[in-house]
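Peer 1: Okay, handing you the structure first.
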Amino acid sequence: MQPFTYESHPTRVVFGDGTIRQVRDVCERSGMRRPLVLSTPQQLDQAEVVAGYLAGMGVGIFDGAVMHTPVDVTEKARAFAETRGADGLVAIGGGSTTGLAKAISIRTGLPQLIIPTTYAGSEMTPILGETKDGLKTTRSDSKIRPHAVIYDVGLTLELPKVLSATSGLNAIAHAAEALYARDGNPIIALMAQEGIAALSKALPEIEASPRDPAARWNALYGAWLCGTCLGSVGMALHHKLCHTIAGSLNLPHAETHAIVLPHSLAFNAPATPDAMLMLQKALKSTDAIEGLNLLTSKLDIPRSLMELGMREYDISDAADKAVLNPYWNPRSLSRDFAFELIRRAWAGEPARAIN
Ligand code: NAD
């Protein structure tokens, strides 16, 4: 029995298949009359579909969203929004496009409607990571949290298999760390278990059959729950480590999460027995770490940080950075343990206890 604090957040969430057709209505409910649509160049076709459903209400499309939310792109998009007289933002895409909407919104106060097409979960959080002159900074502010989210399963059917698997594991990472968060609570623990259960069932099914609508539904449902966990409680070692490694070596975000996750959880396992029990149940396994190893083994994803381009001599520097700025974690991390954890992820070994 532990005392807890629970805070709910007022984002309107519409979930289903074909829900994109409600975009005009959801915009109006959020007070928008002249929304600007945001996307990456790769998803311009989906942005045009959104603009179609806005039925003349939209003031244009800015399709310049890119990874890591560079400030110069944000400034360009903000100027475009201003020129067009936009009074709101509709972002369709993954965490990168959501990041652009958040970055414009925090500078202008414009309301945001996010239509996520990956499982990364950024749409449910008040967190924004931005880059300027190659440096990444992250901040959290309740004003960054999007006003409304439309989850449309149909938009995820074409999400490439690797991005499905890696962004799905990125989502599982949010929920797994929520299970032992310092400011955790029973509601978030329930959401975390349900999210992990839904995604861990769906991801191997998507691997076998990417257009399976039931699997896609489950995965997106799980992603919503896991994103809610990230947006509600604090994260620990796993997120800090991925932030440090991916940020300093410019490694891809979701892939880095997918590879590091079983190792960081294996390190924290001795200090988090209750969380491991919940995790193993959600994974339908007899052991949480074996369950994660088995899940990742079923997915066709990069297995090691080496495959992502990290060099062996980068391990030492990454270990130094991992222990440089102390942060809360259920188990304290020495430099030797950090080195060993990162080395195993670099080599692509199966996760096991680190003692
Ligand atoms: P992404 O947004 O970078 O997308 C990768 C590529 O896939 C893009 O070209 C995109 O257009 C394309 N794509 C996305 N959905 C598609 C679909 N359904 N069909 C076809 N192509 C599609 O990838 P991501 O993993 O969603 O996001 C990663 C970024 O999000 C990172 O920068 C990360 O830092 C950030 N992130 C932020 C938070 C937060 O709370 N602030 C949480 C998670 C991730």
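Peer 1: Yes or no: Ser304 assigned to a loop (DSSP other than H, G, I, E, B) and without any contact (Cβ under 8 Å) to a residue 24 or more places away in the chain?
Peer 2: Against the criterion (assigned to a loop (DSSP other than H, G, I, E, B) and without any contact (Cβ under 8 Å) to a residue 24 or more places away in the chain), Ser304 does not qualify.
Peer 1: Go over the candidates Leu225, Leu203, Leu220, Leu190 one by one and state the one that is in a helix (DSSP H, G or I) and surrounded by fewer than 19 Cβ atoms within 10 Å (Cβ to Cβ).
Peer 2: Result: Leu190 is the single residue among Leu225, Leu203, Leu220, Leu190 that is in a helix (DSSP H, G or I) and surrounded by fewer than 19 Cβ atoms within 10 Å (Cβ to Cβ).
Peer 1: Among the listed residues Ala91, Ala101, identify the single one that is more than 8 Å from the ligand (Cβ to nearest atom) and under 22 Å from Gly18 (Cβ atoms).
Peer 2: Criteria check complete, one pass: Ala91.
Peer 1: Can you name every residue in region 104-126 that is of a type in the set (A, V, I, L, M, F, W, C), closer than 28 Å to Ala258 by Cβ and either more than 8 Å from the ligand (Cβ to nearest atom) or touching a Cys at 6+ places or on another chain (Cβ under 9 Å) (or both)?
Peer 2: Once the filter is applied, which keeps residues that are of a type in the set (A, V, I, L, M, F, W, C), closer than 28 Å to Ala258 by Cβ and either more than 8 Å from the ligand (Cβ to nearest atom) or touching a Cys at 6+ places or on another chain (Cβ under 9 Å) (or both), region 104-126 yields Ile114, Ile115, Met124.
Peer 1: Right, another one. Kindly provide the set of residues from region 127-142 that are over 11 Å from the mean Cα position of the chain (by Cα) and near the ligand (Cβ under 8 Å from one of its atoms), ordered by number.
Peer 2: Answer for region 127-142, where residues must be over 11 Å from the mean Cα position of the chain (by Cα) and near the ligand (Cβ under 8 Å from one of its atoms): Leu128, Gly129, Thr138.
Peer 1: If we scan region 297-304, do we find a residue that is basic (Lys, Arg), at pLDDT below 95 and crowded, with 16+ Cβ neighbours inside 10 Å?
Peer 2: Checked against the condition, which is being basic (Lys, Arg), at pLDDT below 95 and crowded, with 16+ Cβ neighbours inside 10 Å, region 297-304 yields no hits at all.
Peer 1: Ala214 versus (1) under 28 Å from Glu340 (Cα atoms); (2) assigned to a helix (DSSP H, G or I); (3) not aromatic (Phe, Trp, Tyr): which is the lone unmet condition?
Peer 2: It fails just one condition, (1).
Peer 1: Hey, can you tell me all the residues within region 67-88 that are closer than 15 Å to Ile144 by Cα and within 15 Å of the ligand (Cβ to nearest atom)?
Peer 2: Hits for region 67-88 are Thr69, Thr74.
Peer 1: Still on this structure, I have one more. In the set Thr5, Thr19, which member is surrounded by fewer than 24 Cβ atoms within 10 Å (Cβ to Cβ), more than 20 Å from Arg145 (Cα to Cα) and in contact (Cβ under 8 Å) with a residue 60 or more places away in the chain?
Peer 2: Thr19
Peer 1: Kindly provide the set of residues from region 163-220 that are within 13 Å of the ligand (Cβ to nearest atom), among the charged types (D, E, K, R) and closer than 24 Å to Glu7 by Cα, ordered by number.
Peer 2: Glu177
Peer 1: I would also like to ask the following. How about region 71-153: which strands (runs of 3 or more DSSP E) wholly inside it have at least 1 residues that are on the phi > 0 side of the Ramachandran plot?
Peer 2: So the answer is 88-93.
Peer 1: Quick check on Ala319: is it outside any loop (DSSP other than H, G, I, E, B) and of a type in the set (A, V, I, L, M)?
Peer 2: Judged against the criteria, Ala319 is a match.
Peer 1: Val153 passes all but one of (1) within 15 Å of the ligand (Cβ to nearest atom); (2) in contact with a strand residue (DSSP E or B) (Cβ under 6 Å, 6 or more places away or on another chain); which number fails?
Peer 2: Here Val153 clears every test but (2).
Peer 1: I'm trying to understand the selection: among the residues of region 215-240, which are in contact with a Ser or Thr (Cβ under 7 Å, 6 or more places away or on another chain) and either of a type in the set (Val, Ile, Thr) or within 19 Å of Ser332 (Cα to Cα) (or both)?
Peer 2: Within region 215-240, Leu237, His238 qualify.
Peer 1: What number goes with the only condition from (1) part of a strand (DSSP E or B); (2) more than 19 Å from Gly109 (Cα to Cα); (3) more than 20 Å from the chain's Cα centre (by Cα) that Ile20 does not pass?
Peer 2: Exception for Ile20: condition (1).
The rows are residues; the columns are (1) at pLDDT 95 or above; (2) closer than 13 Å to Ala175 by Cα; (3) not polar (S, T, N, Q).
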| position | (1), (2), (3) |
| --- | --- |
| Leu203 | yes, no, yes |
| Pro210 | yes, no, yes |
| Ala223 | yes, yes, yes |
| His253 | no, no, yes |
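Peer 1: Take the residues in region 176-187 that are in a helix (DSSP H, G or I) and in contact (Cβ under 8 Å) with a residue 60 or more places away in the chain; name whichever of them is surrounded by the most Cβ atoms within 10 Å (Cβ to Cβ).
Peer 2: Filtering first and then ranking leaves Ala176.
Peer 1: Another question, if that's okay. So in region 57-73, with the set limited to residues that are of a type in the set (Val, Ile, Thr) and in contact (Cβ under 8 Å) with a residue 40 or more places away in the chain, which one is farthest from Gly247 (Cα to Cα)?
Peer 2: Looking at residues that are of a type in the set (Val, Ile, Thr) and in contact (Cβ under 8 Å) with a residue 40 or more places away in the chain, I get Val71.
Peer 1: Quick check: is even one residue across region 25-47 in a loop (DSSP other than H, G, I, E, B), within 16 Å of the ligand (Cβ to nearest atom) and touching a helix residue (DSSP H, G or I) at 6+ places or on another chain (Cβ under 7 Å)?
Peer 2: Within region 25-47, one or more residues are in a loop (DSSP other than H, G, I, E, B), within 16 Å of the ligand (Cβ to nearest atom) and touching a helix residue (DSSP H, G or I) at 6+ places or on another chain (Cβ under 7 Å).
The values are calculated or read from the model by the stated rules, or taken from the named source; none is laboratory data. A quick note: this is a predicted structure, and the numbers were derived from the prediction, not measured. Ideal geometry is used to build each Cβ from the backbone, glycine not excepted, and the neighbour counts take in all protein chains shown.
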